[in-house]
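Let me begin by presenting the structure, written as structure tokens, before commenting on it.
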Amino acid sequence: MNTHRDADTFDADVIAAFGRHLLVRDAAGVELRARPAGRKLSIVCGDRVRCAQESANETLIVEVLPRTTLLARANLRGASEPVVANITLLVVVVASLPAPDFFIVDRYLCAATAAGIAGVIAVNKSDLGEPLDAAELEAYTNAGYSHLECSAKVGAGLAALKQALTGAISVLVGQSGVGKSSLVSALLPGSQITTGDLMREEEGRHTTTASRAYPLDPGGTLIDSPGVRDFAPAIDQLDNRTLGFPEVDRLAAGCRFQDCRHMQEPDCAVIAAVENGSLRARRYESYRRLRRRYTDLVEARGPASRHRR
């Protein structure tokens, strides 16, 4: 954490974000309710910020300090929206129920890879006795992503998960209903910190931001994020050639054309890998879907961004 503090301003970490209502923690560990000083400030959980104490009951955030990493998504207009900042590990939580949407898993991992953030998969609800498709998990292993099996309900695998999180600034992401908040409660039994007032102030304001950061013992930070039904990586962060797929990145050097998009070009090493079975067809279909969405989002952005296609 930054420790700058003078008579007028001080630095703090954003530990909860509910729309434009924020909770920050200063260097002394004091938690304060805060809000942005202006509409142009875009602040998310994990941000380091500079604050001004306007009164005993009002803390204003006047500046967002430089971010080391940023997980961002694309909105329907193709613009980038920050999700969480300064993280070092993204944990995509999946479960057998609800049925996993691996295309969403892929897009989260692509966004992490593009942003320079490590990614791992946590398979929750192992107590249900309904394992995920082993071929899917093997495809992620081949791509370079590890996975852990756990159960927030019975505690299985939590020690290994906590070890993976220790020392990292992590965020849990995934579909609604996979048990992210249950994992937070199981990992941090004392984490039920009241944020009800902040949430009530946001009722009726159509906010989609509701993230909370918790300190980990013996070290690290864990951020819980809202569940999603869909997710698209920010197009500004994606490598136009590989879209954040590690397998495509490795194979692309063997393509005949340097600007190959791996869709229908001749002598494409990626397509050849699918045909010979070394690249899982479902992962390749995920790449094709993201390629089409990427093109649509570039179009939605307008002429200034179309050179990225």
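The values are calculated or read from the model by the stated rules, or taken from the named source; none is laboratory data. Remember, it's a predicted structure, so these values are computed and weren't measured experimentally. Positions of Cβ are backbone-derived with ideal geometry, glycine not excepted, and every protein chain shown enters the neighbour counts. Please note that ligands, DNA and RNA were not included when accessible areas were found on the heavy atoms of the full protein model with its side chains. Shrake-Rupley method; radii C 1.70, N 1.55, O 1.52, S 1.80 Å.
Below is a table of values for the structure above.
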item: Label selected from (1) 67, 51, 35; (2) 111, 42, 41; (3) 50, 47, 40, the criterion being Cα extents along the principal axes in Å as computed here; result: (1)
item: Protein accessible area in region 1-109, 1.4 Å probe - carbon and sulfur %; result: 52 percent
item: Choice from GLU149, GLU130, GLU31 showing the highest fluctuation, given a GNM over the chain with Cα pairs closer than 10 Å; result: GLU130
item: Degrees, to the nearest 10: 134-143 long Cα axis against longest axis of the chain; result: 80 degrees
item: Close Lys-Lys pairs in the chain, where close means Cα under 21 Å and separation is 8 or more or interchain; result: 6
item: Rounded accessible area per residue of the chain, 1.4 Å, Å²; result: 47 Å²
item: Helical mean residue ellipticity (222 nm; -39500 (n - 2.57) per DSSP H run of 4+; nearest 500) of the chain; result: -7500 deg cm²/dmol
item: Principal axis box of region 43-173, alpha-carbon based, largest edge first, Å; result: 54, 35, 25
item: Volume of the Cα convex hull of region 1-112, divided per residue and given in Å³; result: 135 Å³
item: Isolated Cys in the chain, by beta carbon distance under 4.7 Å; result: CYS45, CYS51, CYS110, CYS150, CYS268
